[in-house]
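Chemist: Mind looking over this structure? Questions follow.
Throughout, read-outs are computed from the coordinates displayed, never taken from laboratory work. Computed from a predicted structure; not experimentally measured. Cβ: placed from backbone, ideal geometry, glycine included. Neighbour counts: every protein chain shown.
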Amino acid sequence: MNLVVPAVRLMCLAWLWPVTLLKGTNTPNHRRNKDVYLGENTRHKHGGRIDFKMKRSDSTKSLLIKSEQLLRIEDHDFAMRPGFGGSAIPVGIDVQVESIDSISEVNMDFTMTLYLRHYWQDDRLAFPSSSNKSRTFDARLVKKIWVPDVFFVHSKRSFIHDTTMENIMLRVYPDGNILYSVRITVTALCSMDFSRFPLDTQNCSLELESYAYNENDLMLYWKNGNDSLRTDEIALSQFFVLEFHPSYGLAFYSSTGWYNRLYINFILRRHIFFFMLQTYFPTMLMVMLSWVSFWIDRRAVPARVSLGITTVLTMSTIITGVSASMPQVSYVKAVDIYLWASFLFVFLSVIEYAAVNYFTTVEEMKKLKNAKLPVSYDATQAMAYDGCFHDDIDVSPFPDLEATPSTTRTIPPTASSADPPPTEGTRLWKKRSVRSNIRFIMSNSYMIDSYSRILFPVAYLLFNIIYCCIYS
């Protein structure tokens, strides 16, 4: 008996030993796996300890109701608008213009960056909330619900900013009211009128409209009236922004009907100082430079011709440069009138010298024909009187000519005391006709330069005054 009791005890120990080892090996692994789970999910260290309370209050656990389940997205067909079959759903619009990035005269368009906000109510997205707080989502939920299909009329290209994520916000309130905001950059057409360019004022507008839903299904309106359009401080290089204001209208399409359309109108006035420096001042200087030839001796043919040709070519370059930066319109612009009028003044200064040189040559040839020349006189020497300077011709002075009836100056007899005094009604002098005045100027060609020194500046000054009165 003394041997049986120890034998039974040994058998019990031998049977319990493997079970004890199995439990000992499973317990550390279980704790380690638990630590790994905590470290990957809710490990918060405070003095070297893990905050288990934070783990229990994590609201992103799948044990709670998901957003799709809370909003009952799977229970409804969001391909249909809210209240389908009933009255039109009102969609309020609110716009904040961030910047006007560029305005192109050549392409007749503008680029604008703005925040476009939509307001509407969808009872299908209403959810219970004790605190009456809204829920905010990003673009991932927007693709699962119905949103208004607003587009920009006459837009050439547009995109939604996507750095670092798509700039889209969706805010849902417990009663089903929805705020949908998106940040967009759009390039749209602006029909510009350049008849007063560069002293012009342009009216541009950005138009918003629903693409699929006409006025029977969707009603677009400005959320807060005139306060629905807000702008930051906008500074442009070539324009002043005079005014921003919203407006409303209807658009008709023959195949689909009437649509609500919203307008973002803005008025731009061009800066004139840039064009004064680049176009007007250089043009004025070229015109005044052409007047310098009126003070140069009429016999200095190379100097006056080169000055006239230089100013003409410079004016041609200015006109070409301005035309290259403008659209090819079929009407005359204000800058075209000024440039071509200035070009005409420069061209007339060249024509003026051509007339002076021609009349001077005719006058000298007449004098040479009327004079009695010696037989030994070489006719080639007479070419020295054509207004050109010749280095290869020896111009010797003419010998004194005998007085002839054609060269002798006839002095009219003075009225003597014996002449009877003029009777009443007798003219003391006879008024010259226009033809005689022209002949007198032709025989005295130097007077053309004298008159041009006064007429050209006065005429150009008068043109500038009229131009400013019309276009300013």
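Chemist: Starting from region 133-234, pick out the chymotrypsin sites (Phe, Trp or Tyr not before Pro) whose DSSP state is loop and whose Cβ has at most 16 other Cβ atoms within 10 Å. Write down the numbers at each step before the final one.
Modeler: Values: sites: 137, 146, 151, 152, 159, 180, 194, 211, 213, 221, 222; in loops: 146, 194, 211, 213.
The qualifying sites are 211.
Chemist: Report the FRET efficiency, 1/(1 + (r/R0)^6), for residue 253 and residue 351, where r is their Cβ-Cβ distance and R0 is 51 Å, rounded to 0.05. Let's see the in-between values first.
Modeler: Numbers: r = 59 Å, r/R0 = 1.16.
After rounding to 0.05, the efficiency reads 0.30.
Chemist: Name the long-range amide H neighbours of residue 239: under 5 Å, sequence gap of 5 or more, or other chain; modelled H, no Pro or chain starts.
Modeler: 271
Chemist: With the cut-off at 1.5 for a/c, could you classify region 107-216 from its C-alpha gyration tensor as rounded, prolate or oblate? If you can, show how the numbers build up before the last one.
Modeler: Details: a/c = 3.00, a/b = 2.37, b/c = 1.27.
Judged from the Cα gyration tensor, region 107-216 comes out prolate (a/c at least 1.5, a/b above b/c).
Chemist: Using alpha carbon coordinates only, what is the Rg to Rh ratio of region 109-149, with Rh defined as the Kirkwood radius?
Modeler: Working: Rg = 14.5 Å, Rh = 13.4 Å.
Radius of gyration over Kirkwood radius for region 109-149 works out to 1.08.
Chemist: Then there is this: In debye, nearest 20, what is the charge dipole magnitude of region 68-151 about its Cα centre with +1 on Lys and Arg Cβ and -1 on Asp and Glu Cβ, if you could check?
Modeler: On the way: 9 positive and 13 negative charges, 94 e Å.
That gives a dipole near 460 debye.
Chemist: For region 179-332, state what percent of all Cα-Cα pairs lands in each successive 10 Å bin, counting from 0 Å until the bin that includes the largest distance.
Modeler: 8, 24, 23, 17, 12, 8, 6, 3, 0
Chemist: Per 0.36 nm of contour for each residue apart, how much would the distance between residue 177 and residue 281 grow if the chain were fully extended, relative to their Cα-Cα spacing?
Modeler: Working: separation 104, 0.36 × 104 = 37.44 nm, distance 6.01 nm.
Value of the extension gain: 31.4 nm.
Chemist: Next question. Please go through region 275-355 and write out the chymotrypsin sites (Phe, Trp or Tyr not before Pro) that DSSP classes as loop and that have at most 14 other C-beta atoms within 10 Å. Intermediate results must be reported in sequence, preceding the final value.
Modeler: Values: sites: 275, 280, 291, 294, 295, 331, 338, 340, 343, 345, 347, 353; in loops: 331.
Passing both the DSSP loop test and the Cβ count: 331.
Chemist: In addition: If you take every residue apart from residue 87 with its C-beta less than 15 Å away from the C-beta of residue 87, what net charge results, scoring Lys and Arg +1 and Asp and Glu -1? Working shown, then result.
Modeler: Details: positive: 81; negative: 122, 123, 215, 217.
Neighbour charge sum, excluding residue 87 itself: -3.
Chemist: May I ask you to derive the FRET efficiency for residue 273 and residue 447 from their Cβ-Cβ distance with R0 = 45 Å, giving the value to the nearest 0.05?
Modeler: Working: r = 42 Å, r/R0 = 0.92.
Calculated value: 0.60.
Chemist: Which stretch or stretches of region 161-180 have amide N atoms under 13 Å from the point lying 7 Å from residue 131's Cα along the Cα→Cβ direction?
Modeler: Of the residues in region 161-180, none has backbone N under 13 Å from the label point off residue 131.
Chemist: Consider just the alpha-carbon atoms of region 94-169 and return their Rg together with their Dmax, both in angstrom.
Modeler: That works out to 16.6, 58 Å for Rg and Dmax.
Chemist: Continuing with this model, one more query. How much net charge surrounds residue 133 when only the other residues with a Cβ under 13 Å from the Cβ of residue 133 are counted, with Lys and Arg +1 and Asp and Glu -1? Present the calculation step by step, with values, prior to reporting the outcome.
Modeler: Working: positive: 135, 171; negative: 175.
Net charge in that neighbourhood comes out at +1.
Chemist: Of all GluC sites (Glu not before Pro) in region 178-275, which ones are in loop regions per DSSP and have a Cβ with at most 12 other Cβ atoms within 10 Å?
Modeler: On the way: sites: 207, 209, 215, 233, 243; in loops: 215, 233.
Hits after loop and neighbour filter: 233.
Chemist: For a label point 7 Å from the Cα of residue 232 along Cα→C-beta, name the residues of region 119-160 whose backbone N is under 19 Å from it.
Modeler: 159-160
Chemist: Shape verdict for region 164-257, please, from the Cα gyration tensor: rounded (a/c under 1.5), prolate (a/b greater than b/c) or oblate. Show your work: numbers first, answer last.
Modeler: Numbers: a/c = 2.24, a/b = 1.43, b/c = 1.57.
It is oblate, given that a/c is not under 1.5 and a/b is not larger than b/c.
Chemist: Now for a separate question. Please report, in debye to the nearest 20, how large the charge dipole of region 216-303 is about its Cα centre when each Lys and Arg carries +1 at its beta carbon and each Asp and Glu carries -1 there.
Modeler: Working: 7 positive and 6 negative charges, 80 e Å.
So the dipole magnitude of region 216-303 works out to roughly 380 debye.
Chemist: Lys and Arg at +1, Asp and Glu at -1: add these up for the other residues within a Cβ distance under 13 Å of residue 110 and post the number. Write down the numbers at each step before the final one.
Modeler: Working: positive: 156, 157; negative: 101, 105, 109, 207.
Summing Lys and Arg as +1 and Asp and Glu as -1 gives -2.
Chemist: If I model a spin label at residue 245 and residue 289 as a point 7 Å from the Cα along the Cα→Cβ vector, what separation in nanometres do I get?
Modeler: Each label point lies 7 Å from its Cα, and together they span 4.7 nm.
Chemist: I would also like to ask the following. As I understand it, the dipole of region 148-192 uses +1 on the Cβ of Lys and Arg and -1 on the Cβ of Asp and Glu, about the Cα centre. Which of 161, 189, 178 lies farthest toward its positive end?
Modeler: Of the listed residues, the answer is 189.
Chemist: How much length is gained if the chain between residue 361 and residue 328 is pulled fully straight, taking 0.36 nm per residue apart and subtracting their Cα-Cα distance, in nm to one decimal? Working shown, then result.
Modeler: Details: separation 33, 0.36 × 33 = 11.88 nm, distance 4.57 nm.
Extra length from residue 361 to residue 328 when fully extended: 7.3 nm.
Chemist: Given Cβ point charges of +1 (Lys, Arg) and -1 (Asp, Glu) and nothing else, what value in debye, to the nearest 20, does the dipole of region 108-150 about its Cα centre take? Write down the numbers at each step before the final one.
Modeler: Details: 7 positive and 5 negative charges, 62 e Å.
The calculation lands at about 300 debye.
Chemist: Using Cα centres only, tell me the gap between region 170-222 and region 251-270 in whole Å.
Modeler: 8 Å
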